[in-house]
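Input: a single structure, listed below in structure tokens.
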Amino acid sequence: MRILLIEDHRRLAQSIVEGLGGFGLRVDLFATADEGLSAALSISYDAMILDLGLPDRDGLEVISELRAEAKRIPILVLTARDGINDRVKGLDCGADDYLLKPFAMKELAARLRALLRRPGGPLGA
């Protein structure tokens, strides 16, 4: 499975790449919203992990643009924004799941597998 990760915190991003690699997932890493959005629009990914606090723009804008382009890629938001209104806004904007930092790598991998099992997903029916 090929996963797109958009995360600007270098050490955390590398940890995610290595951690998910241990679960057999291939992860392409981008540190800015613009780079990640460009990749998402031009490469076929099975799922995306997206930070909201990116240096060039808010991750919610990335979600909105992808959904406006009818991209159906499953999106898991991974962020420190922990308010209920933040979570509702992210999900209503088009995210498929929302996980708060700090997190356990096992949970992140399990949530990705759950997204990928959904009907029409690579692991689903």
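The values are calculated or read from the model by the stated rules, or taken from the named source; none is laboratory data. Values in this document were obtained by computation on a predicted structure and should not be read as measured data. Cβ sites come from the backbone with ideal geometry, for glycine too, and all protein chains shown count toward neighbours. Side chains are part of the model used for accessible areas, which takes the heavy atoms of the whole protein and leaves out ligands, DNA and RNA. Shrake-Rupley method; radii C 1.70, N 1.55, O 1.52, S 1.80 Å.
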Heads up, the stretch 35-96 by the C-alpha gyration tensor (a ≥ b ≥ c square roots of eigenvalues; a/c under 1.5 rounded, else a/b over b/c prolate, else oblate) looks prolate
SASA check, LYS89, accessible area w/ 1.4 Å probe, all protein chains in place, rounded to nearest 10 Å², comes out at 130
Going residue by residue through the stretch 70-82, the Karplus relation 6.51 cos²θ - 1.76 cosθ + 1.60 with θ = phi - 60° gives ³J(HN,Hα) values, rounded to whole Hz and with x marking Gly or Pro, of 6, 6, 9, 4, x, 10, 10, 7, 10, 8, 8, 6, 9
For the stretch 7-16, in residue order, the Karplus 3J(HN,Hα) values (coefficients 6.51, -1.76, 1.60; θ = phi - 60°; whole Hz; Gly and Pro = x) are 8, 8, 7, 4, 5, 5, 4, 5, 4, 5
Distribution output for the chain: share of Cα-Cα pairs per 5 Å bin in percent, first bin at 0, values 2, 12, 24, 27, 23, 11, 2, 0
Quick calc, the chain, dipole around Cα centre from Cβ unit charges on Lys, Arg (+) and Asp, Glu (-), nearest 20 debye, gives 540
Subtracting the Cα-Cα distance of ASP34 and ALA114 from 0.36 nm times their residue separation yields 26.1 nm
For LEU99, other-chain or 5+-apart residues with amide H closer than 5 Å (H placed, Pro excluded) are VAL77, LEU78, THR79
GNM on the chain, Cα springs under 10 Å; top mean-square fluctuation among ARG67, ARG11, ARG26 goes to ARG11
